[in-house]
Amino acid sequence: MLSKLFRKRPPQVSFQPPAPEGVVEIVGDLHGRADLLQQLPPVEEGATRILVGDYVDRGPDSRSVLEIAHARSVEEGWICLFGNHEEMMLSFLKDPGPSRRWLRHGGLQTLESFGVGGVTESSEEERLRDAAAAVTEALTADLREWIEDLPTAWTSGTLCVVHAGLDPMLPVSMQPRSVKTWGHPDFGRVPRSDGIWVAHGHTIVDAPMAENGTISTDSGAYATGRLTMARVAPDGTTRFEEVSPKRR
């Protein structure tokens, strides 16, 4: 049941509003939903748009999401962060045998978006290597290098954007890479003491929220058809905008 994926809200505590240096637009996990990515409104003048990662897996068109996000980052300066699903994909491309578990976490759909089929988690290692080689060739060197070099965090004022979360007991500069991409058990449960707000995806919520020093944007786009964008202003105002499939 999809409802089991949704996180319960922690008890609300007193927290000063976020104060980025400019308007920041934070887009939740895309997971292969190129159709929703293309429906995002234009970037507000002077704003910074950030994608929180998890461009691949589960949804139908991971390849297009990667290509569009890459183009927007190069041509329009969008900030694209690194997610745990990008990490799993790169591990599979590097050494598919030990990384075959990626396939049951949405990797099969990603392979299909690159025109690679006939693969399962129980496939022979040679078949997995052929699949990895086909995707690597289709990615092109520029696109793969871009994915490998994606940042894991972006900070402005008292706002930090990451894919999964932060350890509330450590300053932003000391956060392990694995925590930023995979999360921390105390994130969202224990408030930070340094006044930093953390905007993130990774964990599906039934409704986007900005409270207790966290801004949650993952509305489960691959399953719900709803992509969330949070727009955070320097005065602390946070507004959520939702994109859904166009009706035919």
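The values are calculated or read from the model by the stated rules, or taken from the named source; none is laboratory data. Only a predicted model underlies this, so the values are computations on that prediction, with no experimental measurement involved. Cβ sites come from the backbone with ideal geometry, for glycine too, and all protein chains shown count toward neighbours.
Listing for the model above:
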quantity	calculated
Residue among Ala221, Ala230 that alone is in contact with a helix residue (DSSP H, G or I) (Cβ under 7 Å, 6 or more places away or on another chain), surrounded by 17 or more Cβ atoms within 10 Å (Cβ to Cβ) and closer than 25 Å to Glu86 by Cα	Ala221
Filter result for Gly97 (in contact (Cβ under 8 Å) with a residue 24 or more places away in the chain and surrounded by fewer than 19 Cβ atoms within 10 Å (Cβ to Cβ))	yes
Selected residue [over 16 Å from Asp57 (Cβ atoms) and in the same structural domain as Val232 (by TED's automatic domain parsing)] from Arg129, Arg144, Arg189	Arg189
Flag for Gly236 being of a type outside the set (Val, Ile, Thr) and under 17 Å from Gln16 (Cβ atoms)	yes
Which listed residue is surrounded by fewer than 22 Cβ atoms within 10 Å (Cβ to Cβ) and either touching a strand residue (DSSP E or B) at 6+ places or on another chain (Cβ under 6 Å) or free of Cβ contacts under 8 Å to residues at least 12 places away in the same chain (or both), from Ala34, Ala71	Ala71
Selection from the range 170-187 of residues that are more than 16 Å from the chain's Cα centre (by Cα) and either closer than 19 Å to Gly53 by Cα or part of a helix (DSSP H, G or I) (or both)	Val172, Ser173, Met174, Gln175, Pro176, Phe187
